[in-house]
Amino acid sequence: MKFNTKTIHGGQEDIDPGYNSVMSPIYQTSTYAQSSPGKHKGFEYSRSANPTRTALEKSLASIENGKFGLAFGSGLAAIDAVIKTLKPGDEVISTNDLYGGSYRLFTRIFKDFGIKFHFIGLDNTENIEAHINDNTKMIWAETPTNPMMNIVDIQSLSKVSKKHNLILCVDNTFATPYLQQPLDLGADIVMHSATKYLGGHSDVVLGSLVVNDKVLAEKLYFIQNASGAIAGPMDSFLVLRGIKTLHLRMQRHSENGRSVAEFLQQHPKVEQVYWPGLPTHPNHNIAKKQMKDFGGMVSFTTKGNSYKDAIKFVENIKVFTLAESLGGVESLAGHPASMTHSSIPKDERKKIGVVDSLIRLSVGIEDQQDLIEDLEQALRS
Ligand SMILES: *Cc1c(COP(=O)(O)O)cnc(C)c1O
């Protein structure tokens, strides 16, 4: 199957042996009748497995070209499960413009469990190797990064990772498997906040992991069941439904993303536009190599770098909604310095480019002209 068929049919055989329903039923049940102790149809208790969640997990594995999928109650619950494969003393190398919630989980929870994190630029192999020692077990990468849209070369990261026997995890939330498939590029684990593009309609919070290695999969399934941060059947159904139109939505997100990025780039009040599809983007060539298109996430700064002007802009937009999150059909705008990235200290923020005037747009799939006119009027004011 090609990708655009997998989104609809991938892993969806025999989802309802009872009535052959075409869509996966929502199995809203915690438990399953057994005819004799241990004799059942593969499901015992819904923390361990639930048929709706299993249907989603198979769909996730299919669209990421992986063998094993796992669905969690949120993206952070999925990340939490991955870090729980480590032991006190272990070290992780991660990017210095990481999603704020991942940064908080690493530094405020797992640091106290004796796991050490290095937040560095992942674009330089020598720099990565300078931070690797006998305790290093994992590389945690995000590409494109949030909110600066930096691109990391997954293939070259995987070379370093394999050379030093590390687990390479890629947070693929921004790109989605429509644009980029990290397992094919050598990653060991691909993670999603399915809350964003996979769900696609801003109506659910859910996280996922996909892996190819059986031993790693078993470790993660064990943690999923033992720690219990699973996705519920209703939420699994919503993400399954979202995935069916992922290819259509991502195509339109990318087209609208291009229009918005090109509009902003020529606007006299705009200082800098961050969108990996622009030839002026510093990592444009890597993006072109590993991504099919460039998506709908666009960040920009305004001339003068005024905090007040940025707040005014997000207050004045009308078609765009001022809100956290991203990846839904509707366009959203955010101010990272005061919203998603407020948990990162100001000096750290500045170092990575999250300046006071930075605005992050999640460009939706509305009419292009309406979106551009809205940005135009908000910039004017
Ligand atoms: C939202 C997000 C997360 C966290 O996912 P939740 O579903 O909110 O827990 C992780 N990584 C990235 C890149 C995100 O955008």
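The values are calculated or read from the model by the stated rules, or taken from the named source; none is laboratory data. What you are looking at is a predicted structure, and each value in this text was computed from that prediction instead of being measured. Using ideal geometry, Cβ is built from the backbone for each residue, glycine included, and neighbour counts are taken over all protein chains shown. In case anyone asks, the SASA skips ligands and DNA or RNA and just uses the protein heavy atoms, side chains included. Shrake-Rupley method; radii C 1.70, N 1.55, O 1.52, S 1.80 Å.
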Inset, instruction - Report ³J(HN,Hα) in whole Hz for each residue of segment 306-312, in order, from the Karplus equation J = 6.51 cos²θ - 1.76 cosθ + 1.60 where θ = phi - 60°; Gly and Pro get x. - result: 8, 4, 4, 5, 5, 5, 4
Legend entry - Label-reachable residues, segment 46-60, where backbone N falls under 20 Å from a point 7 Å from SER30's Cα toward its Cβ: 46-54
Legend entry - Cα gyration tensor shape for segment 1-79, rounded if a/c is under 1.5, else prolate or oblate: oblate
Inset, instruction - Would you please give the FRET efficiency between ASN165 and MET1, computed as 1/(1 + (r/R0)^6) with r the Cβ-Cβ distance and R0 = 45 Å, to the nearest 0.05? - result: 0.85
Inset, instruction - Work out from phi, with θ = phi - 60° and the Karplus expression 6.51 cos²θ - 1.76 cosθ + 1.60, the ³J(HN,Hα) of each residue of segment 340-354, listed in order in whole Hz, and give x for Gly and Pro. - result: 4, 10, 5, 7, 9, x, 3, 5, 4, 4, 4, 4, 9, x, 7
Legend entry - Shape call, segment 150-262: gyration tensor on alpha carbons, a/c limit 1.5: oblate
Legend entry - 3J(HN,Hα) from dihedral phi, segment 202-217, Karplus parametrisation 6.51/-1.76/1.60, rounded to Hz, x for glycine, proline: 6, 10, 7, 10, 7, x, 8, 10, 9, 9, 9, 7, 5, 5, 5, 4
Legend entry - Semi-axes of the equivalent ellipsoid for the chain, Cα gyration tensor, largest first, Å: 35, 26, 18
Legend entry - Share of carbon and sulfur in the accessible heavy-atom surface of the chain [1.4 Å probe, %]: 51
Inset, instruction - For segment 255-381, go through all pairs of different Cα atoms, get the mean of 1/r, take its inverse, and jot down that Kirkwood value in Å. - result: 14.8
Inset, instruction - Evaluate segment 124-199: find the radius of gyration of its Cα atoms, find its Kirkwood radius, and give the ratio Rg to Rh. - result: 0.98
Legend entry - DSSP beta bridges in the chain [antiparallel fraction, %, rounded to 5]: 55
Legend entry - Other-chain or far-sequence residues with amide H under 5 Å of THR173's (modelled H): SER193
Inset, instruction - Would you mind counting up the charge near ALA187? Only other residues with Cβ under 14 Å from its Cβ, with Lys and Arg at +1 and Asp and Glu at -1. - result: -4
Legend entry - Mean-position separation - Cα centroids, segment 235-269 and segment 11-87, in angstrom: 28
Inset, instruction - Find the accessible area per residue for the chain; the probe is 1.4 Å, ligands and nucleic acids are left out, and the unit is Å². - result: 44
Inset, instruction - Indicate the gyration tensor shape class of segment 88-152 (rounded, prolate or oblate), computed on the Cα atoms with a ≥ b ≥ c the square roots of the eigenvalues: a/c under 1.5 is rounded; otherwise a/b larger than b/c is prolate and the rest oblate. - result: oblate
Legend entry - 19 Å Cα-Cα reach of LYS289 towards aspartates and glutamates, excluding residues that sit fewer than 8 places from it in its own chain: GLU64, ASP123, GLU142, ASP153, ASP171, ASP184, GLU255
Inset, instruction - Take the Cβ-Cβ distance between SER48 and TYR19 as r, set R0 to 30 Å, and report the resulting FRET efficiency rounded to the nearest 0.05. - result: 0.80
Legend entry - Dipole magnitude of the chain about its Cα centre (Cβ charges: Lys, Arg +1; Asp, Glu -1), debye to nearest 20: 500
Inset, instruction - Sort ASP112, ASP309, ASP356, ASP134 by accessible area with a 1.4 Å probe, largest first. - result: ASP134, ASP112, ASP309, ASP356
Inset, instruction - Express in nm, to one decimal, how much length is gained between THR125 and GLU262 on full extension, taking 0.36 nm for each residue of separation and deducting their alpha carbon distance. - result: 46.1 nm
